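A short write-up of the structure that comes next.
The values are calculated or read from the model by the stated rules, or taken from the named source; none is laboratory data. Small disclaimer: the values here were computed from a predicted structure and weren't measured. For neighbour counting, all protein chains shown are included, and Cβ atoms are generated from backbone atoms with ideal geometry for every residue, glycine included. Quick note on the areas: whole protein, heavy atoms, side chains included, nothing else; ligands and nucleic acids left out. Shrake-Rupley method; radii C 1.70, N 1.55, O 1.52, S 1.80 Å.
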Amino acid sequence: IRCWSNIPFITVPLSRAHGKSFAHRSELKHAKRIVVKLGSAVVTRGDECGLALGRLASIVEQVSMLQNQGREMMIVTSGAVAFGKQRLRHEILLSQSVRQALHSGQSQLKDMAIPVLEARACAAAGQSGLMALYEAMFTQYSICAAQILVTNLDFHDEQKRRNLNGTLHELLRMNIVPIINTNDAVVPPPEPNSDLQGVNVISVKDNDSLAARLAVEMKTDLLIVLSDVEGLFDSPPGSDDAKLIDIFYPGDQQSVTFGTKSRVGMGGMEAKVKAALWALQGGTSVVIANGTHPKISGHVITDIVEGKKVGTFFSEVKPAGPTVEQQGEMARAGGRTLAALQPEQRAEIIYRLADLLTDQREEILLANKKDLEEAESKGRLALPLLKRLSLSTSKLNSLAIGLRQIAASSQNSVGRVIRRTRIAKDLDLEQVTVPIGVLLVIFESRPDCLPQVSALAIASGNGLLLKGGKEAAHSNQILHHLTQEALSIHGVKDAVQLVNTREEVEDLCRLDKLIDLIIPRGSSQLVRNIQKAAKGIPVMGHSEGICHVYVDTDASVEKVTRIIRDSKCEYPAACNALETLLIHRDLLRTPLFDQIIDMLRVEQVKIHAGPKFASYLTFSPSEVKSLRTEYGDLECCIEVVDSVQEAIEHIHKYGSSHTDVIITENEKTAEFFLQHVDSACVFWNASTRFSDGYRFGLGAEVGISTSRIHARGPVGIEGLLTTKWLLRGDNHVVSDFSEHGSMKYLHESLPLPQRNTN
């Protein structure tokens, strides 16, 4: 028997065989039986008199939702003392006001002294009201609740324990939510000086222990402990270096410093951790989280059950490698070391990586073959994604060429002076390029993205976190290994990290203290999800690649079919492939139009008719469902426009500001199109497929951005840099430049230093 607080814990509970807790957060969605423990700070208001009704209603809603999903929910609650205190204070004030009115004829409520209320009396007055409140709230969701009051003595008697166990099982069988609380009306009084600010508050420690005990006795899958802190920190919350512990393992207690207790309740975090570890040992998974934060309390319970990174998760299984937080810190430190290298050293790393891509070609293709075979056997990837997943000798050769271009162009990227100003005599200001910091690049089915992005991060001195799709796991693993091998020649192996843990993308997007920029590479749905999930971290990229080609009346017959074929058929899965073909109305029923249609049929491109195009045809192809469709396959939409102006308006209304093309021999029309189309890339008589970092001479790209801030279009090294200001003075102070000061501002532009073009 182990005794914590004043509740004895039997190591192997009589009614429960040893189970096994969940090893990872992602498994919590399989939890069937769940205990939710509500601490005093969660249930009570800030003034400790009365309940936090809005918060309580939100918790009941979440518990009801989970109960109606077929789970078995139990609540261990505090709050009876606070609720009773509110009722008794009201009764005392009312009684005093009546007596004063009888004796003095006037009521002076502001002068009334309210005596200190004894906790057990408050509990007796509050229990019935608290339960009535729970019943009323659960009734709104057609759920019945039942109250069970226990004391410490109930756990000392084996028969009482069996009775309690049987009662709870019967309630759960009948789809009733048990609401359990210590019977605070009969518990021993608190120890002297244990109250808070002169107010006796029943110990939260009892309910922590009670929740853990019940969770193990009832063979519960998950115990959720809600308090007024985000979870467990490695030092007291609020201190400068305090970091939230994502996963806590048995034996980690020595690395934690416990701080003060919450504003109400006496358990504190230390008691919660002890109770959590005991429950974990008994086979119950535990999460400690914040149930009071207004932004998350409305979905904290459901988020935990869905496996999202909320609070501190207790696990007995330590991962083999570092956590994603540790990887972020390693990438930050490695990136700073990388940025401090000489440009020639960074280039040398990239050249080495390019050589490894060709030297280790057989190993790379073998790993890629495993990914392709697994994807095909499981049938989980569409044909366009399978094409993106596939690597080949020619792809690797192209990658190596692109990396060498990056290395050659990286000599003057970091630390380049872009502005010099003489502020005053001997006071010179410089603006220089510096890395952004730590980049998180999330990519699907594109293993070739890994060395490209790594080379750009190395060239720009940025730390890098990579999160690839599981469908490319084998390919990503060997490519990352080669990247780290190249980084090792100058001791910066940690600068590029591959996230292999079971981190959900949404959880990664919340690491705003570790990540400075998120770059998604994948489907439009992936990009939209990341843009929605990112919390305080900018996202660079585009959610869709709806690219247009407009065929003008003055278009060349020889150029039209070549450009359209290349834009649509060369690589239809690419984000820069043609999706909508706009044709001037005057070209309908002409030989040029017939040639376009014949070419698309030969290439087996499925045609969808836009509304106006369909109106001109007796028997039209299938009418398009939406003019904002990115097909990513051998399909496209054809629509008719009356002029170049209407083509531009169509692009602005239905396009994604990615890449748009005009085919014409009329220079005036072409220039009008180039100047007025508001997209990242606008071309004249050239395929949409030229919208690419490698083809632009950037060596590679981290993606194509359609945003309007910082970088737009294919993003290479320049798009991964920001700037900082360097001011060099000699005992300068602002007061010298005042009206009667001795110095004057000059603000002279100075010539930039010559760039090394070797």
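Taking Cα atoms only, the orientation of helix 667-676 departs from the longest principal axis of the chain by about 10 degrees. With the convex hull drawn around the C-alpha atoms of the stretch 548-701, the volume per residue stands at 105 Å³. For residue 370, the aspartates and glutamates whose Cα falls under 12 Å of its own Cα, not counting residues fewer than eight places away in the same chain, are 471. Using a simple spin-label model with pseudo-atoms 7 Å out from Cα toward Cβ, residue 653 and residue 421 lie 4.5 nm apart. Full extension of the chain between residue 340 and residue 586 gives 82.5 nm of extra length, using 0.36 nm per residue less the Cα-Cα distance. Straight-line cross-link partners of residue 744 among the aspartates and glutamates, defined as a Cα under 14 Å from its Cα and at least 8 positions apart when in the same chain: 426, 428, 736. Here residue 378 and residue 603 are evaluated by their C-beta separation; at R0 = 30 Å the FRET efficiency comes out at 0.50. If every alpha-carbon in the stretch 384-451 counts as one equal scatterer, what log10 I(q)/I(0) does Debye give at q = 0.19 1/Å? Each listed q maps to, in turn, -0.92. On the beta carbon distance between residue 493 and residue 235, with R0 = 41 Å, the FRET formula returns roughly 0.90.
For 599, 330, 174, the ranking by accessible surface with the largest value first comes to 174, 330, 599, using a 1.4 Å probe. Straight-distance candidates among the aspartates and glutamates for linking to residue 612, with alpha-carbon spacing under 14 Å and chain neighbours fewer than 8 residues away dropped: 586, 623, 639, 642, 646.
Here the chain exposes an accessible surface that is 51 percent carbon and sulfur, computed with a 1.4 Å probe and the other protein chains kept in place.
To check you understand DSSP bridge types, tell me what percent of the beta bridges within the chain (both residues inside) are antiparallel, rounded to 5. Of those bridges, close to 30 percent are antiparallel.
Explain nothing, just the number: dipole magnitude of the chain about its Cα centre with +1 on each Lys and Arg Cβ and -1 on each Asp and Glu Cβ, in debye rounded to the nearest 20.
Dipole size: approximately 1420 debye.
Dipole of the chain computed with +1 at Lys/Arg Cβ and -1 at Asp/Glu Cβ about the Cα centre; of 745, 670, 505, farthest Cα towards the positive end is 505. Once the Cα-Cα distance is subtracted from the 0.36 nm per residue extended length, the residue 393 to residue 628 segment shows a gain of 81.0 nm. Computed over Cα pairs, the Kirkwood radius of the stretch 577-644 leads via Stokes-Einstein (1.567 mPa s, 4 °C) to a diffusion coefficient of 106 µm² per second. With the simple spin-label model, which puts each label point 7 Å out from Cα in the Cβ direction, the residue 724 to residue 170 separation comes to 7.0 nm. When DSSP assigns beta bridges and you keep just the ones with both residues in the stretch 343-470, what percent turn out antiparallel, to the nearest 5? DSSP beta bridges in the stretch 343-470 are roughly 50 percent antiparallel. Would you mind checking 308/493; 243/724; 625/653; 387/532; 160/272 for any pair whose Cα atoms are more than 21 angstrom apart? Check vs 21 Å cut-off fails for 308/493; 243/724; 387/532; 160/272. Projected onto planes of every orientation and averaged, the convex hull of the alpha-carbon atoms in the chain covers 48.7 nm². When the stretch 288-377 is described by a simple charge dipole with +1 on each Lys and Arg Cβ and -1 on each Asp and Glu Cβ, the residue from 335, 358, 347 located farthest towards its positive end is 335. Placing dummy labels 7 Å off each Cα toward the beta-carbon, the span from residue 162 to residue 92 is 4.6 nm. Once the Cβ-Cβ distance of residue 29 and residue 595 is raised to the sixth power relative to R0 = 45 Å, the FRET efficiency obtained is 0.25. Karplus-based coupling profile of the stretch 621-634, in residue order and whole Hz: x, 4, 6, 5, 6, 8, 7, 10, 10, 9, 6, x, 7, 6, with θ = phi - 60° in 6.51 cos²θ - 1.76 cosθ + 1.60 and x standing for Gly or Pro. Calculated accessible area for the chain comes out at 45 Å² per residue, all protein chains present (probe 1.4 Å; ligands, DNA, RNA ignored).
Here the stretch 312-431 has an Rg and Dmax of 21.9, 72 Å, counting Cα atoms alone. The accessible-area ordering, largest first, of the residues 370, 568, 309, 395 stands as 370, 395, 309, 568, per a 1.4 angstrom probe.
Quick one: angle between helix 557-569 and the longest Cα principal axis of the chain, in degrees between 0 and 90, rounded to 10, please. It is inclined by approximately 30 degrees. The accessible area of residue 725, taken with all protein chains in place and a 1.4 Å probe, comes to roughly 130 Å².
Along its three principal directions, the equivalent ellipsoid of the stretch 279-354 from the Cα gyration tensor extends over semi-axes of 41, 17, 10 Å, largest first.
Counting only alpha carbon atoms, the long axis of helix 449-460 and the longest principal axis of the chain meet at about 90°.
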